[in-house]
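Okay, structure first, notes after.
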Amino acid sequence: MATAQVNPTRMELTRLKKKLVTAVRGHKLLKDKRDELMRQFLDLIRENMELRLKVEKGIHDANTNFVIAKASMSDEGMHTALMVPKQEVYLETEKKNVMSVDIPQFTFKTRTADENDIYSYGFAYTSSDLDGAVKSLADVLPDMLELAEKEKACQLMAAEIEKTRRRVNALEHVIIPETQESIKYITMKLDENERSTQIRLMKVKDMMLKAAHNFEENTHGYEVEIETARG
């Protein structure tokens, strides 16, 4: 037991009482944090599922358009058209703190603001299906970045929830009960010592009273003997 290593003194009792107050307050704060993290995590999961379905549909449509474009164009023509991209994309990352969790945020910028720069080929020798495939990929890019952001946020929040849950359980099932048991043990020991001290004081008092009473009796008897002798 934890109480076996506890020094049963009033100073230790005061320290443990302060520790218990801090542990109870921390337990409540961590429970509130865990509940709020769970609420935000569930909302994020729902948003993530909806966005994933949207991205999967966009990628499926883009793949369909590429298959159709490939059917109407030769492999050499397809490779030549997509060999040298005209537009460039730059990804920027930031962090947003949510309940002590650093959630990444992704933003992207293009080298030029012209939307037609996504087409790296001339329209004269390519199929219109290829234009639709490239456009569908360009349209799904922002959703893909948002999906990556939300999935990473879900992973980080899940890890934080698990860590917070372990701390709550440690406080609730280990630290707080052990501290309460130690306080109870010290209180019982101090009460026992106080009772023992009172009993010793009462015995000492009785011994002193008895000694004083015998002395008075002896003194009185001595006086009686003197008077008898004089008479």
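Some values worked out for this structure:
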| item | result |
| --- | --- |
| Verdict on residue 51 being within 30 Å of residue 145 (Cα to Cα), out of contact with any Pro (no Cβ under 9 Å at 6 or more places or on another chain) and assigned to a helix (DSSP H, G or I) | yes |
| Total residues in segment 157-192, condition touching a Pro at 6+ places or on another chain (Cβ under 7 Å) and either within 15 Å of residue 35 (Cβ to Cβ) or of a type in the set (D, E, K, R) (or both) | 1 |
| Any pair with Cβ under 7 angstrom, 6 or more apart, that starts in segment 112-131 at a residue that is touching a residue at least 60 places away in the same chain (Cβ under 8 Å) and ends at one that is open to solvent by 40 Å² or more (accessible area, probe 1.4 Å) and not charged (D, E, K, R) | 129/65; 129/68; 129/72 |
| Number of positions in segment 9-31 that are closer than 28 Å to residue 160 by Cα and either free of Cβ contacts under 8 Å to residues at least 12 places away in the same chain or open to solvent by less than 50 Å² (accessible area, probe 1.4 Å) (or both) | 11 |
| Residue satisfying all of: in segment 192-231; among the small types (Gly, Ala, Ser) and either under 25 Å from residue 10 (Cα atoms) or part of a helix (DSSP H, G or I) (or both); modelled with the lowest pLDDT among these | 229 |
| In segment 113-162, the residues that are polar (S, T, N, Q) and within 26 Å of residue 73 (Cβ to Cβ) | 116, 120, 126, 127, 128, 136 |
| Selection status of residue 34, of a type in the set (D, E, K, R), under 30 Å from residue 173 (Cα atoms) and in contact with a Ser or Thr (Cβ under 7 Å, 6 or more places away or on another chain) | yes |
| Out of 138, 170, sole residue that is modelled with pLDDT of 90 or more and either part of a helix (DSSP H, G or I) or open to solvent by 40 Å² or more (accessible area, probe 1.4 Å) (or both) | 170 |
| All positions within segment 65-79 that are in contact (Cβ under 8 Å) with a residue 60 or more places away in the chain and open to solvent by less than 60 Å² (accessible area, probe 1.4 Å) | 65, 66, 69 |
| Segment 102-130, residues that are in a helix (DSSP H, G or I) and either open to solvent by 30 Å² or more (accessible area, probe 1.4 Å) or in contact with a strand residue (DSSP E or B) (Cβ under 7 Å, 6 or more places away or on another chain) (or both) | 115, 116, 118, 128, 129 |
| Residue among 50, 56, 88 that alone is more than 30 Å from residue 168 (Cβ to Cβ) and open to solvent by 100 Å² or more (accessible area, probe 1.4 Å) | 50 |
| Residue list for segment 166-215, restricted to those being of a type in the set (Ser, Thr, Tyr) and either touching a residue at least 60 places away in the same chain (Cβ under 8 Å) or touching a helix residue (DSSP H, G or I) at 6+ places or on another chain (Cβ under 6 Å) (or both) | 179, 182, 185, 187 |
| Hits in segment 32-47 - residues which are open to solvent by 70 Å² or more (accessible area, probe 1.4 Å) and out of contact with any Lys or Arg (no Cβ under 8 Å at 6 or more places or on another chain) | 32, 35, 38, 39, 42, 46 |
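The values are calculated or read from the model by the stated rules, or taken from the named source; none is laboratory data. The structure presented is a predicted model; accordingly, all values stated were derived computationally and were not measured. Please note: Cβ atoms are built from the backbone with ideal geometry, for glycine as well, and neighbour counts cover all protein chains shown. The area values use the complete protein model at the heavy-atom level, side chains included, leaving out ligands, DNA and RNA. Shrake-Rupley method; radii C 1.70, N 1.55, O 1.52, S 1.80 Å.
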